[in-house]
Amino acid sequence: MSRIIAALLCACAFAVQAQQWPSKPVRVIVNVAPGGVADITARLLSARMTETLGQPFVVENRAGGDGYIGFDAVARADPDGHTLVYSPGSSMMIAPHIVKRADLDPVKALAPAVATGRVSLYVVVHPDRPMKNLAEFLAYARANPGKLNYGTPGNGTSPHIATEVFDREAGVKMNHVPYKGAGPALNDLLGGVVDVVFDPGIGLPQVRAGKLRMIAVAGLQRHPDFADVPTLEENGIKGVDGGPHFGFYAPAATPGQVLARLNGEVQRLMREPAVSDRFKALAVDVAEPMTPQQFTAYVRAEYERYGKLLPELGIGR
């Protein structure tokens, strides 16, 4: 009887906690560097939740360690919904196959709360490079194996995997230069340190300004603002995409009621024109609506898919 009473009291406490959440400021840890799409969308949503939920949602960048620095901080936090991590899908569903830390498996240590969106990738080169379109880029890369350097947000990230799939499908060989985020990679492309980046959309203003040149889209559709730039699919290069969804995660023992409230609030905000238009401007496709349980199933399925793909690409060996 005492166990039953204890369980009921615990359930009541969780229910009260969920109703009161958030009852204090919420830390939102972004496990990549400032300036990338994950950072921008996390700050956009956190600013709106600060307004709608009555508590500050304070964004903190903790980049490095293939996303694990941010994961570690959240996994060890109190599971009350007041410490969250906003992560690219690559850190959650791809990096664990590469990092393989016995003390921290983010798929087990964190609870998926809500998916937000995913990016198309844009093949962007420095305008001083001797290729004005995809055909010229492929011809140069095939004639000069190992001469071109490509930058990514880090080892095992979606742009890294996408570029390796591109290399395989296009029959080229480029050198990988990993950074701690999409922003630093873009900066070095602008500076001519690397030759090409599979950009998640943050470089579009520089393309519009003529500081960079877009030669292809890694997605099913052309970008409406660059209608003359073809997709890789149109050129017979298949399987190159922006990877799985970004999303919010909480410590694994966070009450389901808290996750459900966070899920509902974020999905509601993403339907607001001010938010959805910003996502569109960043070339981010809004995620299909998923409950925390459905998002958990999505994470596990993508985790398994990449567990098979990475060995094929020789990543993580």
Comparing R213, R305, R43, which has the greatest mean-square fluctuation in the GNM of the chain with Cα pairs linked when under 10 Å apart? R305
Of the accessible area of the chain, with the probe set at 1.4 angstrom, what percent is carbon plus sulfur? 53 percent
Run through region 112-208 and list the trypsin sites (Lys or Arg not before Pro) located in a DSSP loop whose Cβ has at most 15 other Cβ atoms within 10 Å. K132, K147, K173
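Which number do you get for Rg(Cα) / (2.2 N^0.38 Å) in the chain?
Numbers: Rg = 20.5 Å, N = 317, 2.2 N^0.38 = 19.6 Å.
Here the answer is 1.04, to two decimals.
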Say the dipole of region 30-88 comes from +1 at the beta carbon of Lys and Arg and -1 at that of Asp and Glu; which of I69, T41, V59 then lies farthest toward its positive end? T41
Residue-normalised value, i.e. accessible area per residue, for the chain at 1.4 Å probe, in Å², stands at 43 Å²
Between region 198-264 and region 137-190, how far is it from one alpha carbon centroid to the other, in angstrom? 16 Å
Return the Cα extents of region 226-317 along principal axes one, two and three, sorted largest first, each rounded to a whole Å. 46, 38, 17
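Counting Lys and Arg as +1 and Asp and Glu as -1, each charge on the Cβ, what is the dipole of region 185-291 about the Cα centre in debye, to the nearest 20? Numbers along the way, then the final one.
Working: 10 positive and 13 negative charges, 56 e Å.
My answer is approximately 280 debye.
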Quick one: dipole size for region 235-317, taken about the Cα centre, charges +1 on Lys/Arg Cβ and -1 on Asp/Glu Cβ, in debye to the nearest 20. 100 debye
Listed residue (A143, T231, G117) projecting farthest to the positive dipole end of the chain, Cβ model: G117
Search the structure for amide H atoms under 5 Å from the amide H of T152, placed 1.01 Å from N in the peptide plane, and list their residues when 5 or more places away or on another chain. V177, Y179
Measure of compaction for region 98-186 (Cα Rg per 2.2 N^0.38 Å): 1.34
For region 158-314, what is the Kirkwood estimate of the hydrodynamic radius, computed as the reciprocal of the mean inverse distance between distinct Cα atoms, to one decimal in Å? 17.9 Å
At a probe radius of 1.4 Å, what is the per-residue accessible area of S120, in Å² to the nearest 10? 20 Å²
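On alpha carbon coordinates alone, what is the Rg over Rh value for region 210-275, Rh being the Kirkwood radius?
1.18
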Return the lysines within reach of K100: Cα separation strictly under 18 angstrom, same-chain partners fewer than 8 residues apart disregarded; answer none if there are no such residues. K108, K308
Total charge dipole magnitude, the chain, about the Cα centre, Cβ charges on Lys, Arg, Asp, Glu only, Debye to nearest 20: 280 debye
Show which lysines lie in cross-link reach of K173 when reach means a straight Cα distance below 20 angstrom and same-chain residues fewer than eight apart are skipped. K132, K147, K238
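Figure the gain on full extension for Q221 and E304 (residue separation times 0.36 nm, minus the Cα-Cα span) and round it to one decimal in nm. Numbers along the way, then the final one.
On the way: separation 83, 0.36 × 83 = 29.88 nm, distance 2.65 nm.
Full-extension gain reported as 27.2 nm.
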How big is the Cα convex hull of region 73-132 in projection, averaged over all directions, in nm²? 6.7 nm²
Equivalent ellipsoid semi-axes - Cα gyration tensor, region 131-233, angstrom: 18, 17, 14
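The values are calculated or read from the model by the stated rules, or taken from the named source; none is laboratory data. Here the structure is a predicted model, which means the values were calculated and not measured. As a convention, Cβ positions derive from the backbone with ideal geometry for all residues, glycine included, and neighbour counts pool all protein chains shown. Note: areas computed on protein heavy atoms with side chains; ligands, DNA, RNA excluded. Shrake-Rupley method; radii C 1.70, N 1.55, O 1.52, S 1.80 Å.
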